[in-house]
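Peer 1: Input: one structure, supplied below.
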Amino acid sequence: MQSTDLGNKESGKIWHRKPSPASRDGVIVNIIHSTSDYHPKVLRFLSVAFNGSGDCLIAGDHQGNIYVFDLYANRFNLVQRTAQACTALAFNLRRKSEFLVALADYSIKCFDTVTKELVSWMRGHDSSIFSISVHASGRYAITTSSDTAQLWDLDTFQRKRKLNIRQSVGIQKVFFLPLSNTILSCFKDNSIFAWECDTLFCKYQLPAPPESSSIIYKVFAVTRDGRILAAGGKSNHLHLWSLEATRLFRIIQMPTKIRAIRHLEFLPDSFDAGSNQVLGILSQDGIMRFVNIQTCKLLFEIGSLDEGISSSVISPHGRYIASIMENGSLNIYSVQALTQEINKPPPPLVKVIEDLPKNIPTAGDVKMKMTSGRVLRPARCKEHKTQTRIIKQDLTGNLENKENELSDGLNKKRLQILLKGYGEYPTKYRTLSALAHWSSIFSDTPYLPLLAFPFVKLFQNNQLICFEVVATLIINWCQHWFEYFPNPPINILSMIENVLAFCDKQLLQHFIDHDITSQLYAWPLLETVFSEVLTREEWLKLFDNVFSNQPSFLLMTVVAYSTCSRAPLLNCTLKDDFTYFFHHRNNLDINVVIREAYHLMETTPADIHPDSMLDAFVALTKGQYPVFNQYPKFVVDFQRQERERIRNDELDYLRERQTVENMQAEVDQQRLEDEAWYQKQEELRKAEEARREMLLHEEEKMVQQRQRLAAVKRELKMKEIHLQDAARRHFLKLQQAQHEMELRRLDDEIERKVQMRDREIATTARDLEMRQLELESQKRLYEKNYTRNQEVFAKEFREDADAYRQKVDFEEHMFHKMIETDQTQTENAKKVIEEKLAKAEQACLNTDWKIQALHKQKCDDLQRNESYQEMTKLLRKNRRKEVELLNAMMEEEAKKWKEAEEKEFHLRAEKKASSLSDTSRNWFLKQELSAALEHAERPFSKAEDSCLQREQKAPGSLARTSQLTDISGVDPSTGLPLRRSTAEWHGKKENLLKKVRDLRQRLTAQAQNRHLSQSLLAM
């Protein structure tokens, strides 16, 4: 079994070597469709359908990929990608390249396999479509879903009719009968109706199934001739209905292992004329079994428990079976391979007699030899060769299974010459029509049906073998039958009469005495080949011997039948009795007749023996059939010409009669149309008069109504004026109320805003007062601390001024150090405040930048939908703005760092000045110490002069040191230096607070201006 993976290919070969399906499974090729993505998976086929010729099929998977497989050309092509699952397919439209596909969105599309374009799109279903049935003409299609069925015109792709049903009754299937204009609708309540396609007239309804059968029909199949309907469901019973008789004629019970039937399909045969005998039954186990519905025998099966079948479709000519497997792959089976064992010829069971290689054969020198299926007989002395033929005999009693099998020597191509006008084997092939095609005389031979009847019954399932057997019979055993056509073969009957005169002169004389000729006692047996007087088993036994001997044996059998029945024949005196005797079965042993025929073959003299006038057995030639022209051709031609003349005369008569009937119909139609026209004119005149009277009456009524209408209009006008006046007053009143309400709302709003402003002013005033109180409290606290310190200092200074000068100087030094510490703390506080302000400013800048970024993002989100180009421009502009902003920030940062460096430089200068002051103070203290020591030794005036000199020598001392010196030289009891220091402290504090407020205001104004400029840049 070959396997083909479609993969991502759009076209290619179906198989790469010549397929040789085994008779075991019959699989030609297994087709799968897998993807080559990162995670490979198999795409499952869901639907498959054959075209009208049966050599091409179409299949769709669950992703909507539709492939065409040409089995004749060994090619596949991807014709469409629908992107949704295919639920049903149809490929037998009138335009051969088009196909219908039902999709998962409940729509039907028509595509062309050549152009791969969409032809039409049809909608109308509200649920999934599971069946598409196409009319035999390809013009109409029926699509079926669970709730409705719709009829479509495939020429216009418009819906013609829609089948509406009750909600409680669902549809199982609606389809066209093959080669018919009938629609069959099957419902879930087991009701089945037949409708005329054109008029949708209900032709008949099948009766309900028997009550003993609990089957619910779910699947259906019809033979190609539309005569038999097979129905099955969730049961192992299968019902066969005769649609002509509208009755159930057979119930087939499947094996117990079959619990449900999922699909039914008849297997077509080119030689059964559409009356299909083989039915494929797909059960729940995934195995499809093919059975003969007449014999109820299982012929073959496909699928297995491991590889089950989901659904199957059989080609119209019955050569291929396409099955979708349960694993999603597609199997294509060969019916010829599956039926190979059935059509296999039986084993060689016939004995063959062969002549010895001598010039004159003798009866005692004949020997028997077994060969493969051919029978050898001793020929006449004048021919030194062995003739062969096939004798089929089933000793086991299974003749029905073997009689229709093709032997190795037969080939269907032999019929190609006979059926040249068909192009293929016709579906309604018959043995008689084949014989008529073989030779024109057989179309006029009246007894040919009687001659072929037993062979047609014997080979009823294989018309090809039947034809060749009958043709062999005519060529060999019916020699010289047609020389006196259309009369019976007088020469052959004369041979029989001569033999009868030799073996039984009394019987012949009895026939002559009662005017019974050979046409009455011999010809009925010959033209029916004994089928009327023998049973089936007797006939088979007789013709086993007939076909095993020379053609003259059949004539001897006719004589033997009469001689073996001489007793009853001698008792007959009426012609009707003789006629009845030779046309009906009689109490006669066929074995006795055969022995008598052999006796006659041996004892009849050569001068009257039929062998002397009949040729030896000749088999049918291979390649093509022999030409049969052993008949008076001028008689057959004359009859054919006469029939053709009569047929032409009949056609002319029918055409003339049809013309006369058409003319008469036209005259009648014209007369009817004239009468209808005159009647219509009279009706129109009467109607016109009645309309005039009605118009006059209506005009009078209309005048009165107009007068009443004018009065009503005046009243309505007055009412309308009053209503308008009232509405105007109501509107003015409503408008005034709205204005008053608006004024009240505005007053309330103004009052509310005034109250809010007052509350804000009061809150601000309270905040200012609180701030003033805090400042005052802080001031008082500073004054209190300062006063406390001054009091302690004054007290100590007064106590120790005279005694401990050095202690006083130390305290002064501590006092000035405290002042410097306060100044340092003030500077530190100023620095901390500046740093906090800088951090606050930076935080404001960061917050502004975040707000700006957020605003920019919102703007970008709003503008993104409008134009990406504009967004790109804005982004570029924002980048430029950001660069400028960053540059400005960097410049501001550089300024801040520069300002910090300046302040650092100022701080170092202050520290340097403080160091110089400390050095000066130390030097001053040392000088004062030395002066004090000198003062202890010298008078006070001299010390005072020295002090004045030192003051003059050191004019560059710091002002603070001079002040301290002056303070130290003043009487501490006066308190003047202390008050001056306190005033200076208060002045410095006020200046510091003012600077802090100015700095805060300046920073706030800078931050606001910067935020405003950034907002303008962002806009």
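Peer 1: Which order do peptides 508-516, 678-686 fall in by mean Cβ count within 10 Å, highest first? Don't jump to the answer; show the numbers that get you there.
Peer 2: Values: 508-516: 15.1, 678-686: 10.3.
Put in order of decreasing packing, that is 508-516, 678-686.
Peer 1: Continuing with the same structure: Please work out how much length the chain gains when fully extended from R640 to E899, using 0.36 nm per residue of separation minus the C-alpha to C-alpha distance, in nm with one decimal.
Peer 2: 79.8 nm
Peer 1: Could you order the peptides 83-90, 703-710 from most to least packed, using the average number of other C-beta atoms within 10 Å per residue?
Peer 2: Numbers: 83-90: 19.9, 703-710: 10.5.
Descending packing order for the listed peptides: 83-90, 703-710.
Peer 1: While we're looking at this one, here's another question. Can you tell me the dipole magnitude for the range 412-631 around its Cα centre, using point charges on the Cβ only (Lys, Arg +1; Asp, Glu -1), in Debye to the nearest 20? The partial results should precede the final answer.
Peer 2: On the way: 15 positive and 21 negative charges, 216 e Å.
Roughly 1040 debye, rounded to the nearest 20.
Peer 1: With all pairs of different alpha carbon atoms counted, what Kirkwood hydrodynamic radius in Å does the range 412-631 show?
Peer 2: 18.3
Peer 1: Continuing with this model, one more query. Which of the listed residues, H62, F130, S191, is farthest toward the dipole's positive end in the range 2-341, when Lys, Arg count +1 and Asp, Glu count -1 at the beta-carbon?
Peer 2: Sorting the options by dipole projection puts first S191.
Peer 1: Oh, and also: Each label point is 7 Å from the Cα along the Cα-to-Cβ direction; what then is the distance between the points at V832 and R536, in nm?
Peer 2: Distance between the two pseudo-spin positions: 12.9 nm.
Peer 1: What net charge is computed for the residues neighbouring E650, neighbours being all others with C-beta under 13 Å from the C-beta of E650, Lys and Arg scored +1, Asp and Glu -1?
Peer 2: On the way: positive: R643, R645, R647, R655, R657; negative: E642, E644, D649, D652, E656.
Result for the local shell: 0.
Peer 1: What FRET efficiency do you get for D668 and K160 if R0 is 30 Å and r is their Cβ-Cβ distance, rounded to the nearest 0.05?
Peer 2: Numbers: r = 33 Å, r/R0 = 1.08.
Using R0 = 30 Å, I get an efficiency of 0.40.
Peer 1: Once phi is turned into ³J(HN,Hα) by the Karplus curve 6.51 cos²θ - 1.76 cosθ + 1.60 with θ = phi - 60°, what whole-Hz value does each residue of the range 604-619 show in order, with x for glycine and proline?
Peer 2: These are the phi-based 3J(HN,Hα) values: 6, x, 5, 5, 10, 6, x, 4, 5, 10, 10, 7, 6, 5, 10, 7 Hz.
Peer 1: Then there is this: Under 19 Å from a label point 7 Å along Cα→Cβ of D607: give me every residue in the range 488-505 with its amide N that close.
Peer 2: Counting backbone N atoms under 19 Å from the label point, the list is 494-505.
Peer 1: Right, here's the next one. Take peptides 231-239, 50-58 and line them up by average Cβ neighbours within 10 Å, highest first, as a rough protection proxy.
Peer 2: Working: 231-239: 21.2, 50-58: 19.7.
Going from most to least packed, we get 231-239, 50-58.
Peer 1: What FRET efficiency, computed as 1/(1 + (r/R0)^6) with R0 = 56 Å and r the Cβ-Cβ distance, is obtained for S168 and D70, rounded to the nearest 0.05?
Peer 2: FRET efficiency, S168 to D70: 0.75.
Peer 1: Another question, then. Over the range 2-341, what number does the Rg to Rh ratio reach, with both radii from the alpha-carbon atoms and Rh per Kirkwood?
Peer 2: On the way: Rg = 19.5 Å, Rh = 20.6 Å.
Result for the range 2-341 is an Rg/Rh of 0.95.
Peer 1: Tell me, what is the FRET efficiency for L305 and L179 to the nearest 0.05, using R0 = 41 angstrom and their Cβ-Cβ distance as r?
Peer 2: On the way: r = 37 Å, r/R0 = 0.91.
Here the calculated transfer efficiency is 0.65.
Computed from the coordinates by the stated procedures, all read-outs in this text should not be read as laboratory data. All values reported here derive from a predicted model rather than from experimental measurement. Because the Cβ atoms are built from the backbone with ideal geometry, glycine has one as well, and the counts that use them run over all protein chains shown.
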